[in-house]
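To keep things clear, I will list the structure first and then write my remarks on it.
FYI, it's all coordinate maths here, none of it is from the lab. Computed from a predicted model, the values in this text were never measured in an experiment. Note: ideal-geometry Cβ built from the backbone for every residue, glycine included; neighbour counts use all protein chains shown.
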Amino acid sequence: MTERRLLYEGKAKKVFLGDREDELFVEFKDDATAFNGQKRGQIAEKGVVNARISARLFTSLAAAGVANHFLEQVDDRTLKVRRLTMIPLEVVVRNRVAGSLQQRTGLAEGTILERPVVELYYKNDALGDPLLNDDHVQALRLAPPEVVERLKALGRRVNEVISAYFDARDLILVDFKLEFGWAQGELLLGDEISPDTCRLWDKASLTKMDKDRFRRDLGGVAEAYQEVLARVLR
Ligand code: ADP
Ligand code: UDP
């Protein structure tokens, strides 16, 4: 195999130049971080699990008409994807209260939201990924209003598709984060969808099966990720 050129190393993934200008290889690492990089660790085989889960969900989303960057899985922790010019926004969609929404509102964790809540965060490590409203997005010129509306609608559509997918596998999709970008004038879903970027609870027991086990030192982190993979593949 020829040596791949590393373009960028992030907290959870390495991004390599693809065989073509308009493609990339994304390698999923076992490294885990939380609280804006302040907590660091490793989760055994996380990269393998998250690559596989992301590949499966991107395939289902494409079948449901949600255009995304996924092309193919090339090895156990690497996906070939379309190269995007990323929009520095994190689109968070929530079905139940948890995490920062719990802290901001005081509502009890697990409270069902009558209508999904969509939020935008500025993807900026130096600022700690702050929550933005639509006017902030305009002030920062991160995306024009019509693109913001498309991002929110895409977030809701992804929520419909993957909530049903997880529900059929006895998992509650509590909340999740998406990232989008542009390729040849097309707005595509990028990055990953995994237990690193979703909160997933077992439907019967409400057991947390995602990165909250790492964030909160709940133990059984790698086991929970493996169980999510097993259910996603069924
Ligand atoms: P972070 O940058 O937050 O530490 P990662 O370790 O997950 O995150 O790094 C992956 C990086 O690759 C992110 O910055 C993400 O926005 C970017 N990315 C994801 N998919 C694509 C794509 N298809 N094209 C270009 N960049 C992408
Ligand atoms: N999330 C993420 N990356 C981030 C911030 C949040 O993947 O940089 C995900 C997180 O895993 C959860 C959802 O987005 O599924 C909502 O996260 P929240 O705002 O509650 O932040 P947290 O308290 O988890 O940092």
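Identify, among Ser54, Leu6, Ala44, the residue whose Cα sits farthest towards the positive end of the charge dipole of the range 1-58, taking +1 on the Cβ of Lys and Arg and -1 on the Cβ of Asp and Glu, with the dipole about the Cα centre.
Going by the Cα projections, it comes out as Ala44.
How do His136, His69 line up, fewest other C-beta atoms within 10 Å first?
His136, His69
Counting only the backbone N, which residues of the range 88-114 are under 18 Å from the spot 7 Å out from the Cα of Arg157 toward its beta-carbon?
91-94
Can you work out the PRE-style zone for Val147? Point 7 Å along Cα to Cβ, and I want the residues of the range 178-195 with backbone N under 15 Å.
Backbone N within reach: 179-190.
State the extension gain, in nm to one decimal, for the chain segment bounded by Ile112 and Arg20, taking 0.36 nm per residue of separation less the distance between their alpha-carbons.
Contour length minus the Cα-Cα distance gives 28.6 nm.
Only loop residues by DSSP count here, and only those with at most 10 other Cβ atoms within 10 Å; note down the chymotrypsin sites (Phe, Trp or Tyr not before Pro) in the range 13-74 that meet that.
When the chymotrypsin sites (Phe, Trp or Tyr not before Pro) of the range 13-74 are filtered for loop state and at most 10 Cβ neighbours within 10 Å, Phe35 remain.
Where a ≥ b ≥ c are the square roots of the eigenvalues of the C-alpha gyration tensor, would you call the range 104-168 rounded, which needs a/c under 1.5, or, failing that, prolate if a/b is larger than b/c, or oblate?
Oblate is the answer for the range 104-168, as a/c is 1.5 or above yet b/c matches or exceeds a/b.
Taking the chain as a Gaussian network, where each spring joins two C-alpha atoms under 10 Å apart, which residue of Ala183, Ala62, Ala108 fluctuates the most?
Ala108
Specify the residue with the greatest mean-square fluctuation among Ala222, Ala32, Ala139, computed from a Gaussian network of the chain linking alpha-carbon atoms under 10 Å apart.
Evaluated over the chain, the most mobile residue of the options is Ala139.
Which shape class applies to the range 1-95: rounded if a/c is under 1.5, otherwise prolate when a/b exceeds b/c and oblate if not, where a ≥ b ≥ c are the square roots of the Cα gyration tensor eigenvalues?
Rounded is the answer for the range 1-95, as its axis ratio a/c remains below 1.5.
Is it possible to state the helix-based mean residue ellipticity at 222 nm for the chain, with each DSSP H run of 4+ residues giving -39500 (n - 2.57), the sum divided by total residues, to the nearest 500 deg cm²/dmol? What is it?
-9000 deg cm²/dmol
Could you tell me which GluC sites (Glu not before Pro) in the range 1-88 are loop residues by DSSP with no more than 12 other beta carbons within 10 angstrom of their beta carbon? Could the numbers behind the result be given before it?
Details: sites: Glu3, Glu9, Glu21, Glu23, Glu27, Glu45, Glu72; in loops: Glu3, Glu21, Glu45.
Answer in residue order: Glu3, Glu21.
Tally Lys and Arg at +1 and Asp and Glu at -1 over the other residues with C-beta under 11 Å from the C-beta of Thr33: what net charge comes out?
Charge balance in the 11 Å sphere: +3.
Looking at the square roots a ≥ b ≥ c of the eigenvalues of the Cα gyration tensor of the range 47-188, which shape do they give, rounded for a/c under 1.5, prolate if a/b is larger than b/c, or oblate?
oblate
When Lys and Arg each count +1 and Asp and Glu each count -1, what net charge do the other residues less than 13 Å away from Gly219, Cβ to Cβ, add up to?
Here the charged neighbours net out to +1.
What length, rounded to one decimal in nm, is gained on full extension from Ala204 through to Arg4, with 0.36 nm per residue of separation minus their alpha-carbon distance?
67.6 nm
On full extension of the chain, what length is gained from Arg234 through Lys39, given 0.36 nm per residue of separation minus the C-alpha to C-alpha distance?
Here the segment from Arg234 to Lys39 would lengthen by 66.9 nm.
Select from the range 101-164 those trypsin sites (Lys or Arg not before Pro) which occupy a DSSP coil region and have at most 12 other Cβ atoms within 10 Å, ordered by residue number.
Arg141
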